[in-house]
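Here's the structure we're looking at; comments come further down.
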Amino acid sequence: MKFEPANKIQDLQYFGEYGGVNPSISDSSTYTFLSAKTMFDTFEGNTEGCYLYSRHSSPSNLYLGEALAAMEGSETANVTASGMGAITAVILQLCEAGDHIVSGRTVYGGTYAFMKNFLPRLQINTSFTDITKPEAVEAFITPETKMIYCEAVSNPLLEVADLEALSSIAKKHGVPLVVDNTFTPMNISPLKHGADIVVHSLTKFINGSSDTVGGVVCGTKEFCLSLKDVNSGAAMLLGSTMDSLRAASVLKNLRTLHIRMKKHSENAMYLAERFEMDGLKVVYPGLPSHPGHETMKRMINPEYGYGGMLTLDAGNLDNANALMEMLQENNLGYLAVSLGFYKTLFSAPGTSTSSEIPEEEQKEMGLSDGLIRFSIGLDQDIERTYKAMRRCMEVLNILPAAVNA
Ligand SMILES: *Cc1c(COP(=O)(O)O)cnc(C)c1O
C-alpha cells in the first residue's frame with residue numbers, strides 16, 4: 001500500500017482554544033490539578049491527557065510529536081530541543097556500561113564524535129563500518145551489541161543504507177535498528193522498511209527556515225514513554241526539552257514540508273544531471289551512476305524524489321573555497337553549514353561539519369578535501385541558477401577541459 005506522509009499529517013485536526021485553525025500555544029511550565037490523587041497518578045505516568053511539568057510534556061510539544069509520528073508512521077514521537085538531544089537520549093536509553101553499538105562510519109559529525117569520544121567514558125563502545133555492506137555490519141555484532149545505528153542517506157557522503165537488509169540483521173540478533181532520517185524526510189519512511197526507531201534533526205528540512213534547532217524521536221508508545229519516565233527516562237532526565245513556542249512554529253512549517261521536499265528534490269536532480277553531463281564529479285542518489293541508486297529507488301516514496309542534498313568534488317580545497325566564495329558573491333547560495341533552507345547552502349565538510357573525524361579516517365571513507373556539500377534550495381528558476389553556477393566554474397577553471405573547449 002502506498003504510504004502518504006503528507007496526507008497523514010493533513011488528516012490530523014487540532015483547533016485552538018477559540019476555534020483557531022492552529023492549536024493554542026501552551027505558555028506554561030507547570031499545570032494545576034483539581035485533586036491531589038490525579039497529580040499523583042500523573043507522576044506515575046497513568047493519566048492520559050494530564051500535564052504535569054513541561055520538561056515532561058506540553059500540549060504544543062505533543063501536537064508536533066503527533067504530526068511527526070503521522071509523517072513517519074510511528075505509534076508516537078517525542079520532540080526534543082535539538083537533533084543531538086534526540087540521538088543522545090535514544091542511545092543512552094538503550095545502552096549502558098559494557099554495551100556496544102554498530103554504526104555507519106559516515107554519520108553526522110556530532111553523532112560520530114558522541115559515539116567515538118564521549119560514549120567510551122561510559123564504557124559504551126562503537127564499531128564504525130561501511131553501512132552499505134550489511135554483511136560487514138553483521139560481522140561486528142556481539143552479544144553486547146544493543147543497536148544498529150545508521151542514517152538513511154548519510155552525511156556528508158550520501159551513502160544509502162539498505163534498510164530492509166539492515167533490519168533483517170537487526171531482527172535476527174534481537175537489536176533495534178535506529179535510523180537518522182534528517183536528510184530524507186518524506187522521501188524515505190524508514191519504519192516501512194523495518195527500522196524500529198527514527199530520529200530527525202528538525203533544524204534542517206523539516207523546519208526549513210534555519211531559525212531554530214530541534215529534534216524528534218519516532219517510535220513505539222512503550223519506547224517513547226520510557227524516554228519520558230520521571231525516574232529513568234533519558235529525555236526527561238537529561239532535559240533536552242523543546243520550548244512550546246518553538247514546537248508551535250515548527251508544526252506550522254511542517255505543513256508545507258511535502259511541497260518543499262518535492263522542489264528541493266527536483267532542483268537537486270536538475271543540477272546533478274547537468275553537472276554530471278559537464279563531466280564534474282557529482283554525487284546524488286537520484287543519478288543512476290550513484291552506487292546506492294537502486295536501493296534508494298526501491299525505498300523512496302516516489303513523488304518526493306531523491307532529496308535535496310548533493311556533493312561536488314572541486315578537486316582540492318583551494319578550488320572548493322574559491323568556488324563557494326564566488327557562488328556566494330553571485331547570490332547563488334550561502335557559505336554555511338546546515339541544510340534544508342530555501343536558499344542553497346554549501347560547505348566543505350572536511351573542514352567544517354565533519355571536522356570531528358580525523359583526517360586519516362576522512363581519507364579512508366572517501367571524504368576528500370575538495371568535496372563541497374550542497375543543500376539545494378527552492379530556486380524558482382533552476383536553469384538560470386545552473387547557468388550562473390556554470391559561469392562561476394568556467395571562470396575558476398574547475399570544469400573539465402573537454403567541456404571548457
Ligand atoms: C544536523 C544533523 C544532526 C544534529 O542535529 P541538531 O539539530 O544540530 O542537533 C543529526 N543528524 C544529521 C544527519 C544532521 O544533519
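The values are calculated or read from the model by the stated rules, or taken from the named source; none is laboratory data. Fair warning: this is a prediction, and the values are worked out from it, not measured in the lab. Note: ideal-geometry Cβ built from the backbone for every residue, glycine included; neighbour counts use all protein chains shown. These area figures cover heavy atoms from the full protein model, side chains too; ligands, DNA and RNA do not enter into them. Shrake-Rupley method; radii C 1.70, N 1.55, O 1.52, S 1.80 Å.
Here Gly350, Gly315 are screened, and the one residue that is on the phi > 0 side of the Ramachandran plot and modelled with pLDDT under 95 is Gly315.
Residues in the stretch 273-292 that are out of contact with any Pro (no Cβ under 8 Å at 6 or more places or on another chain) and either surrounded by fewer than 18 Cβ atoms within 10 Å (Cβ to Cβ) or farther than 30 Å from Val216 by Cα (or both): Glu273, Arg274, Phe275, Glu276, Met277, Lys281, Val282, Leu287, Pro288, Ser289, Pro291.
Can you find a residue that is closer than 27 Å to Leu254 by Cβ, surrounded by 23 or more Cβ atoms within 10 Å (Cβ to Cβ), modelled with pLDDT of 95 or more and outside the structural domain of Met115 (by TED's automatic domain parsing) anywhere in the stretch 320-339? For the stretch 320-339, residues closer than 27 Å to Leu254 by Cβ, surrounded by 23 or more Cβ atoms within 10 Å (Cβ to Cβ), modelled with pLDDT of 95 or more and outside the structural domain of Met115 (by TED's automatic domain parsing): present. Would you say Ala89 is closer than 26 Å to Leu166 by Cβ, in contact with an Asp or Glu (Cβ under 6 Å, 6 or more places away or on another chain), in contact (Cβ under 8 Å) with a residue 24 or more places away in the chain and not in a loop (DSSP other than H, G, I, E, B)? No; evaluated as a whole, the condition is false for this residue.
Condition check for Thr344 on (1) farther than 24 Å from Ala113 by Cβ; (2) open to solvent by less than 20 Å² (accessible area, probe 1.4 Å); (3) out of contact with any Ser or Thr (no Cβ under 7 Å at 6 or more places or on another chain): one failure, at (3). Whether any residue in the stretch 171-184 is acidic (Asp, Glu), closer than 25 Å to Ser265 by Cβ and in the same structural domain as Thr76 (by TED's automatic domain parsing) is what I want to check. Yes, there is a match, as at least one residue in the stretch 171-184 is acidic (Asp, Glu), closer than 25 Å to Ser265 by Cβ and in the same structural domain as Thr76 (by TED's automatic domain parsing). What number of residues within the stretch 220-276 are closer than 23 Å to Asn301 by Cβ and outside any helix (DSSP H, G or I)? Matching residues across the stretch 220-276 total 3.
Looking only at the stretch 18-57, residues that are under 23 Å from Asp229 (Cβ atoms), part of a loop (DSSP other than H, G, I, E, B) and among the aliphatic types (A, V, I, L, M) come to 1 in all. Against the condition within 16 Å of the ligand (Cβ to nearest atom), more than 30 Å from Lys133 (Cβ to Cβ) and surrounded by fewer than 18 Cβ atoms within 10 Å (Cβ to Cβ), how does Ala388 come out, does it pass? No; evaluated as a whole, the condition is false for this residue. Mind checking which residues of the stretch 133-157 are in contact with a strand residue (DSSP E or B) (Cβ under 7 Å, 6 or more places away or on another chain), open to solvent by 60 Å² or more (accessible area, probe 1.4 Å) and part of a loop (DSSP other than H, G, I, E, B)? If the condition is that a residue be in contact with a strand residue (DSSP E or B) (Cβ under 7 Å, 6 or more places away or on another chain), open to solvent by 60 Å² or more (accessible area, probe 1.4 Å) and part of a loop (DSSP other than H, G, I, E, B), then Phe140, Glu144 are the ones that fit. No other residue among Val175, Val160 is more than 12 Å from the ligand (Cβ to nearest atom), surrounded by fewer than 24 Cβ atoms within 10 Å (Cβ to Cβ) and modelled with pLDDT of 95 or more apart from Val175. Here Met261 qualifies as buried (at least 17 other Cβ atoms within 10 Å of the Cβ) and either without any contact (Cβ under 8 Å) to a residue 40 or more places away in the chain or of a type outside the set (Val, Ile, Thr) (or both).
All conditions but one from (1) under 20 Å from Thr76 (Cβ atoms); (2) away from the ligand (no atom under 14 Å from the Cβ) apply to Ala165; the one that does not is (1). Out of everything in the stretch 95-127 that is touching a residue at least 40 places away in the same chain (Cβ under 8 Å), buried (at least 21 other Cβ atoms within 10 Å of the Cβ) and part of a helix (DSSP H, G or I), what residue ends up being farthest from the ligand (Cβ to nearest atom)? Looking at the filtered set, the residue picked out is Tyr112. The residue pairs whose first member lies in the stretch 32-55 and is at positive phi and outside the structural domain of Ser226 (by TED's automatic domain parsing), whose second member is open to solvent by 100 Å² or more (accessible area, probe 1.4 Å) and at pLDDT 80 or above, and whose beta carbons are closer than 6 Å, counting only pairs six or more residues apart or on different chains, do not exist in this structure.
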